[in-house]
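> Just dropping this structure here.
The values are calculated or read from the model by the stated rules, or taken from the named source; none is laboratory data. None of the values given here were measured: they were computed from a predicted structure. Glycine gets a Cβ as well: all are built from the backbone with ideal geometry, and neighbour counts include every protein chain shown.
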Amino acid sequence: MPTEITLVSAFLVGLLGSTHCLGMCGGIVGALTLGLHDDIRRSPVRLFPYLAAYNIGRIASYAIAGALLGALSAKALSLAPPAQVRWIVKLVTGGFMIALGLYLAGWWPGLAALERLGGKLWVRIEPFGRRFLPVDHPLKALALGLVWGWLPCGLVYSALAWSLASGDAVQGAALMLAFGLGTLPMLLAMGATARWLGHVARLVWVRRGAGALILLFGLYTLFAPGAHSGHGGEHAGHDPSAHQPMQ
């Protein structure tokens with residue numbers, strides 16, 4: 001896919017998948033505000049800098065992770081033949097999107113196993129976040145967001161698999177940035193809006209609808225002719241012989 005379409009797709013995956021975010025991260029956002037004075041918590045204008053700082057930190061962590069995985073895969077993908085690179089990219093991105101769609105819709109809990117594995121790393125990272133509680137300044141919210149961005153989450157892991165298949169640090173970071181921006185509307189909501197979104201996100205048809213759309217996207221990525229994404233896919237489509245003169 002062209003880079004622009006890939007980034008838009010990552011944004012849409014974050015937007016559709018953020019129905020899952022409210023269940024996992026909603027409580028964290030609530031804990032973020034516990035240390036604030038009541039007059040700040042009751043004022044959307046005064047509360048916004050804290051929520052914005054938290055989410056900036058969270059999305060920055062996503063971008064850092066995407067860059068690391070993109071750089072890690074760049075070398076590995078460069079060692080494989082172009083045709084294999086194309087199939088690796090398709091299998092990783094399409095496979096994880098299908099798994100994510102099934103997971104969000106509640107049809108298959110396979111990604112929960114990845115979350116449990118990530119939990120082993122999280123128990124080592126989580127204590128750093130406690131140092132910034134209670135949150136009484138936006139900079140503390142920013143630091144807390146940087147830590148909480150590593151929270152085990154099947155949705156994030158699926159997006160990271162996309163970055164892993166990109167074979168490029170910049171592309172991996174850009175994908176995770178677009179994904180993180182897609183999750184913003186849900187996690188920036190406050191007050192009555194947050195309660196309404198929480199109710200909507202818990203509706204079975206909403207979760208299944210979002211899961212089905214991501215599942216279809218994964219199937220398209222996996223089976224559509226020439227449907228591939230990322231840096232590696234672009235190299236896979238290059239045919240050196242096309243530039244050689246005919247004998």
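> Using the structure shown, decide if V200 is farther than 15 Å from F96 by Cα and at pLDDT 80 or above. Before you say what the answer is, go through the steps one by one.
Details: farther than 15 Å from F96 by Cα: yes; at pLDDT 80 or above: no.
Answer is no for this residue.
> Right, something else. Pull out all pairs, ordered by first then second residue, where Cβ-Cβ is under 6 Å, the residues are six or more apart or on different chains, the first lies in region 144-167 and is closer than 25 Å to P127 by Cα and without any contact (Cβ under 8 Å) to a residue 24 or more places away in the chain, and the second is surrounded by 24 or more Cβ atoms within 10 Å (Cβ to Cβ) and aliphatic (A, V, I, L, M).
none
> Also, quick follow-up: Can you confirm whether L121 is over 14 Å from the mean Cα position of the chain (by Cα) and farther than 30 Å from H37 by Cβ? Don't jump to the end; show me each part of the working.
Details: over 14 Å from the mean Cα position of the chain (by Cα): yes; farther than 30 Å from H37 by Cβ: yes.
For L121, the condition - over 14 Å from the mean Cα position of the chain (by Cα) and farther than 30 Å from H37 by Cβ - is met.
> Among the residues of region 32-81, which ones are charged (D, E, K, R) and over 18 Å from the mean Cα position of the chain (by Cα)?
Step one: list which residues in region 32-81 are charged (D, E, K, R), which gives 38-39, 41-42, 46, 58, 75.
Across region 32-81, the qualifying residues are D38, D39, R41, R42, R46, K75.
> Let me ask another. Among the residues of region 108-140, write down those that are touching a Gly at 6+ places or on another chain (Cβ under 7 Å) and in contact (Cβ under 8 Å) with a residue 60 or more places away in the chain. Give the derivation first.
Going through region 108-140, the residues touching a Gly at 6+ places or on another chain (Cβ under 7 Å) turn out to be 111-112, 114-115, 133-136.
Of everything in region 108-140, those that are touching a Gly at 6+ places or on another chain (Cβ under 7 Å) and in contact (Cβ under 8 Å) with a residue 60 or more places away in the chain turn out to be L133, P134, V135, D136.
> Output the number of the condition that G154 fails; it satisfies all remaining conditions of (1) surrounded by 19 or more Cβ atoms within 10 Å (Cβ to Cβ); (2) modelled with pLDDT of 85 or more; (3) within 19 Å of F179 (Cβ to Cβ).
Checking G154 against (1) surrounded by 19 or more Cβ atoms within 10 Å (Cβ to Cβ); (2) modelled with pLDDT of 85 or more; (3) within 19 Å of F179 (Cβ to Cβ), the one that fails is (2).
> Filtering region 159-189 down to residues that are among the aliphatic types (A, V, I, L, M), within 15 Å of T19 (Cα to Cα) and surrounded by fewer than 18 Cβ atoms within 10 Å (Cβ to Cβ), which residue is modelled with the lowest pLDDT?
L188
> If I filter region 203-236 down to residues being at pLDDT below 65 and either hydrophobic (A, V, I, L, M, F, W, C) or loosely packed, with under 12 Cβ neighbours inside 10 Å (or both), which single residue comes out as farthest from V8 (Cα to Cα)? If you could, list the steps in order and put the result at the bottom.
Narrowing region 203-236 to residues at pLDDT below 65: 226-236.
Right, trim to either hydrophobic (A, V, I, L, M, F, W, C) or loosely packed, with under 12 Cβ neighbours inside 10 Å (or both) and you get 226-227, 236.
On the way: G226: 18, A227: 15, A236: 22 Å.
Checking each candidate, the answer is A236.
> If L144 satisfies all but one of (1) under 12 Å from the mean Cα position of the chain (by Cα); (2) closer than 29 Å to T33 by Cβ, what's the number of the condition it fails?
Tallying (1) under 12 Å from the mean Cα position of the chain (by Cα); (2) closer than 29 Å to T33 by Cβ, L144 fails exactly one: (1).
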